[in-house]
Amino acid sequence: MVDRSGTPLVELRDIHIAFGGVKAVDGVSVDLFPGEVVGLLGHNGAGKSTLIKCLSGAYRQDSGDVYVKGEKVNIQTPRDARDYNIETIYQTLALADNLDAASNLFLGRELTTSLGFVDDSAMEAETRKIMGRLNPNFRKFASPVSALSGGQRQSVAIARAVYFEAKILIMDEPTAALGPQETQMVAELIQELKKDGLGIFLIDHDVHQVKRLCDRAAVMKNGELVGIVDVDDVSTDDLLGMIIAGKTPDHLAA
Amino acid sequence: MADASAPSAPPPRKSLMQTLEVDTRLLGMIGAFAIVCIVFNVMTDGRFLTPRNVFNLTIQTVSVAIMATGMVFVIVTRHIDLSVGSLLATASAMMAMMQTSILPGMGLDLGDPWIAPLAILAGLATGAAIGALQGYLVGYLAIPSFIVTLGGLLVWRNVGWYLTNGQTIGPLDENFQLLGGIGGTLGTTGSWILGLIAVVVACMAIWSARRSRIAHGFPVKPVWAEAAMMALSAAAILGFVAVLNAYQVPSRVLQRDFQARGETMPEGFTQGYGVPYSVLLLIAVAVVMTVVARRTRLGRYIFATGGNPDAAELSGINTRLLTVKVFAIMGMLAALAAVVASARLSFHSNDIGTLDELRVIAAAVIGGTALAGGMGTIYGAILGALIMQSLQSGMAMVGVDAPFQNIVVGAVLVLAVLVDILYRKRMGAR
């Protein structure tokens with residue numbers, strides 16, 4: 001069971017974002033505790049990716065505050081987010097296809113020699129180490145990532161987040177492009193990271209997956225938060241009802 | 001996340017090329033260049049590959065090749081620069097004005113040793129500033145680079161014209177002219193020393209790369225393969241130096257030099273030209289640009305941005321500032337090319353560098369720079385410039401009519417890109 005007595009790792013309070021009159025996110029508050037996985041559910045366009053991009057630094061909220069470990073923070077760019085140990089695995093993976101695994105893993109945070117040149121050998125060595133842990137079958141260190149399979153690319157993206165000791169991990173549909181076996185490996189990895197005390201936001205379409213992987217689920221519809229529920233208290237049908245009809249199940253509606 | 005090829009089969013026998021880890025694409029380009037040279041050599045009854053012609057070819061290529069290295073960065077980041085020829089003209093005008101009127105007006109006598117360096121500095125600053133301005137328009141104001149530099153093509157050509165009132169300015173400073181090519185060479189002894197230093201550096205680079213891989217426990221090539229690469233590099237470097245040294249200064253020029261010093265030329269005295277300073281400049285540019293591309297964060301970010309701009313942005317790279325830097329580098333290299341081009345002519349004229357933008361882009365593209373971004377090499381662009389120049393001057397030597405020369409060059413450009421696309425498809429890379 002997740003201990004929710006202390007300070008939350010992350011707290012998004014009353015976030016508003018509008019794009020030219022359209023309210024993409026309208027007064028949403030969500031929190032996340034250490035060792036917890038919170039699923040963000042909703043239709044396409046419900047605002048879940050937009051909400052989470054305030055935390056990863058890709059967007060800036062119009063109003064509302066972000067708190068990390070109880071302290072109010074100002075995240076303007078992806079670089080700021082990284083400074084707070086917030087790492088994001090994007091749906092598109094955000095890999096530069098023409099570069100190899102090591103260059104992608106260290107992109108923006110290259111290891112350098114004493115003369116200030118990028119140290120490719122050291123980065124490859126580190127990449128070999130971390131990949132040995134995450135995906136021991138990974139061999140294609142010299143190829144550009146465009147030559148890798150979907151699962152291999154995913155493992156590079158995950159390695160990037162894990163290597164830099166993320167405390168808060170945002171995963172945007174991490175299994176959308178994966179086969180069953182690879183999906184299972186991601187699931188195992190999430191369990192392992194949970195044990196290490198990371199907090200994970202998992203954006204997903206699949207209610208079964210959310211029930212299986214998450215502790216709580218936050219459901220959004222048309223930019224508004226429908227509700228946050230403990231996944232053990234609800235059935236998948238309840239979750240679907242929240243997503244489609246936008247109503248909290250009767251037995252929870254106090 | 002399982003790798004499909006998990007069972008460790010015995011590694012397949014590697015071919016000779018794989019063992020040597022030679023870049024097949026580089027090999028293809030060298031092959032194409034060799035064919036061009038041999039065909040022209042046969043057609044001109046051996047006049048194409050004389051030391052004299054090789055020397056001329058080399059110095060004619062320098063200006064375009066210097067700019068092509070910068071164009072690689074521009075194209076890799078998915079931009080284009082159509083203004084380099086005009087920018088060259090503005091920088092050249094600026095430097096010519098510095099030498100003939102501004103600096104002398106500030107009290108430096110004509111022929112003062114400070115004139116050339118100050119003029120060059122002013123030119124480089126002009127080029128970098130114009131490039132940075134264009135980069136700002138592209139990066140921060142999000143105007144497509146095609147439009148910004150198309151505008152620049154008109155603007156900078158005519159800024160140069162305005163600065164000089166349309167006059168041809170010359171002769172340029174004597175020291176400045178040393179960078180033009182035939183007027184300034186290292187001489188035979190100096191060239192041999194340079195060649196030997198280059199061989200040592202090349203061998204050390206190969207060896208230290210190997211040691212670094214061993215230190216991290218990565219697989220390395222067999223020692224004989226490394227040795228073969230060293231021998232090949234050494235042969236190429238020394239061969240090039242030998243050819244340039246074999247081009248003799250005409251005895252008439254030597255006699256004039258001796259007379260100027262009030263001496264008489266000894267009977268049978270000969271002297272080779274050796275490596276021109278302009279070629280030295282190109283080599284320095286090539287080395288610096290290659291190091292930037294492969295060994296610095298700037299280079300890494302340039303290639304990452306070209307491969308996936310969104311990923312680069314999300315990785316915390318300031319892609320807007322990067323665009324400014326890339327265009328500033330391009331502008332500075334255009335100014336450097338202006339030094340070589342105007343020094344070679346020994347004067348500045350309004351039409352200097354006309355159509356150079358097309359030659360430069362063609363050189364980069366023939367050299368394997370993909371317009372889709374993310375791919376390209378410095379050495380490829382230089383080889384591309386060399387191939388273009390060889391075609392052009394070879395056809396002129398054979399006596400091909402002027403319209404046909406351009407038709408062939410245009411067709412070769414399209415063909416080169418087609419071959420490149422087919423090659424990539426076969427390699428299955430993208």
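The values are calculated or read from the model by the stated rules, or taken from the named source; none is laboratory data. No experiment lies behind these values; they were computed from the predicted model shown. Cβ atoms come from the backbone with ideal geometry, glycine included; neighbour counts cover every protein chain shown.
Points to keep in mind about this one:
- Yes/no for residue B:90 being more than 30 Å from residue B:372 (Cβ to Cβ), buried (at least 19 other Cβ atoms within 10 Å of the Cβ), modelled with pLDDT of 90 or more and not assigned by TED's automatic domain parsing to the domain that holds residue B:236: yes
Quick grid of which residues meet (1) at pLDDT 95 or above; (2) touching a helix residue (DSSP H, G or I) at 6+ places or on another chain (Cβ under 8 Å); (3) farther than 18 Å from residue B:350 by Cα; (4) of a type in the set (Gly, Ala, Ser):
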position	(1), (2), (3), (4)
B:116	no, yes, yes, yes
B:120	yes, yes, yes, no
B:134	yes, yes, yes, no
B:144	yes, yes, yes, no
B:152	yes, yes, no, yes
B:156	yes, yes, no, no
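- Checked against the criterion of being under 24 Å from residue A:77 (Cβ atoms), of a type in the set (A, V, I, L, M, F, W, C) and within 14 Å of chain A (Cβ to nearest Cβ), the range B:327-349 contains not a single residue that satisfies it.
- Flag if residue B:279 is surrounded by 21 or more Cβ atoms within 10 Å (Cβ to Cβ) and away from every other protein chain (no Cβ under 14 Å): yes
- Hey, residue B:359 among the charged types (D, E, K, R) and over 14 Å from the mean Cα position of the chain (by Cα) or not: no
- Number of the exception - residue B:234 against (1) assigned to a helix (DSSP H, G or I); (2) away from chain A (no Cβ under 14 Å); (3) within 20 Å of the chain's Cα centre (by Cα): (3)
- Identity of the residue in the range B:297-326, basic (Lys, Arg) and farther than 30 Å from residue B:164 by Cβ, that ends up farthest from the other protein chains (Cβ to nearest Cβ): B:320
- The condition (being surrounded by 18 or more Cβ atoms within 10 Å (Cβ to Cβ), farther than 30 Å from residue B:235 by Cα and not basic (Lys, Arg)) is satisfied by just one residue among B:107, B:181, B:123: B:123.
- Here is the figure for the range B:322-359: residues that are in contact with a His (Cβ under 8 Å, 6 or more places away or on another chain) and not hydrophobic (A, V, I, L, M, F, W, C) total 2.
- Yes/no for residue B:316 being without any contact (Cβ under 8 Å) to a residue 40 or more places away in the chain, among the small types (Gly, Ala, Ser), closer than 30 Å to residue A:81 by Cα and out of contact with any strand residue (DSSP E or B) (no Cβ under 9 Å at 6 or more places or on another chain): yes
- Among the candidates B:262, B:217, B:268, the residue that is at pLDDT below 85, on the phi > 0 side of the Ramachandran plot and within 14 Å of chain A (Cβ to nearest Cβ) is uniquely B:217.
- Strands (runs of 3 or more DSSP E) contained entirely in the range A:31-146, each with at least 3 residues that are crowded, with 21+ Cβ neighbours inside 10 Å, touching a residue at least 60 places away in the same chain (Cβ under 8 Å) and at the interface with chain B (Cβ under 8 Å from one of its Cβ atoms): none
- The criterion of at least 2 residues that are among the hydroxyl-bearing types (Ser, Thr, Tyr) is met by the following helices (runs of 4 or more DSSP H) wholly inside the range B:271-356: B:277-295, B:297-307, B:319-345.
- One residue alone among B:169, B:206, B:130 is without any contact (Cβ under 8 Å) to a residue 60 or more places away in the chain and of a type in the set (Val, Ile, Thr), and that residue is B:206.
Each row is one residue, and each column tells you yes or no for (1) surrounded by 15 or more Cβ atoms within 10 Å (Cβ to Cβ); (2) polar (S, T, N, Q); (3) under 28 Å from residue B:250 (Cβ atoms).
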| residue | (1), (2), (3) |
| --- | --- |
| B:163 | yes, no, no |
| B:170 | yes, no, yes |
| B:174 | yes, no, yes |
| B:185 | yes, yes, yes |
| B:197 | no, no, no |
| B:202 | yes, no, no |
| B:212 | yes, yes, no |
| B:222 | no, no, no |
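- Residue within the range B:371-379 that is surrounded by fewer than 17 Cβ atoms within 10 Å (Cβ to Cβ) and among the hydrophobic types (A, V, I, L, M, F, W, C) present: yes
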